[in-house]
Amino acid sequence: MFSDRKSRRRTNEVLDLVVISGDIGLRKPAREIFELAAGRLDLPVDNCLFVGDNPEADIVGADNAGMHAVYFGPKNAWPASLPSPRYRIELLPQLIALVRDLNALTEA
């Protein structure tokens, strides 16, 4: 995932949590890795938003664990064999708008 320590450190500066499967011995789409991440944030899984680019490991895994899953990738890259993702973005700035919309729904 990270080519060097500097990249990993920069990522840790902008995210609340980074969980590396190799560091903990769990692999996506195992429900436990998503539950562990939520636990480390001291949040229930249904209060977490997971952004990923792998339809099966990231999105299906996060959905099955009860998280809100956001597919980050082009529409034509989603496998026809899987149900369509609930949330999809193709550019990172779209994530900000999605988070605002989701927060507005929970506050209403």
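The values are calculated or read from the model by the stated rules, or taken from the named source; none is laboratory data. This is a predicted model, so every value here is computed, not measured. These accessible areas exclude ligands, DNA and RNA; they are computed on the full protein's heavy atoms, side chains included. Shrake-Rupley method; radii C 1.70, N 1.55, O 1.52, S 1.80 Å.
For the chain, rounded, prolate or oblate, judged on the Cα gyration tensor with a ≥ b ≥ c (square roots of eigenvalues), a/c < 1.5 rounded, else prolate if a/b > b/c?
It is rounded, given that a/c, with a ≥ b ≥ c, falls under 1.5.
Collect residues whose amide H, placed 1.01 Å from N in the peptide plane, falls under 5 Å from the amide H of Val70; neighbours closer than 5 in sequence don't count.
Phe50, Val51, Gly52
Determine the share of the chain's accessible area contributed by carbon and sulfur atoms, expressed in whole percent, with a 1.4 angstrom probe.
Roughly 51 percent, rounded to a whole number.
When the helices in the chain are scored as -39500 (n - 2.57) per DSSP H run of 4 or longer and the sum is shared across all residues, what 222 nm value do you end up with, to the nearest 500 deg cm²/dmol?
My calculation for the chain gives -11500 deg cm²/dmol from helical runs alone.
Label segment 42-100 by shape, choosing from rounded, prolate and oblate, from the square roots a ≥ b ≥ c of the eigenvalues of the Cα gyration tensor; if a/c is under 1.5 it is rounded, and otherwise prolate applies when a/b is larger than b/c, oblate when it is not.
Since a/c reaches 1.5 but b/c is at least a/b, the shape of segment 42-100 is classed as oblate.
Let me check against my output: what whole-number percent is the relative contact order of the chain, with C-alpha pairs under 8 Å and at least 6 apart?
Reported relative contact order: 16 percent.
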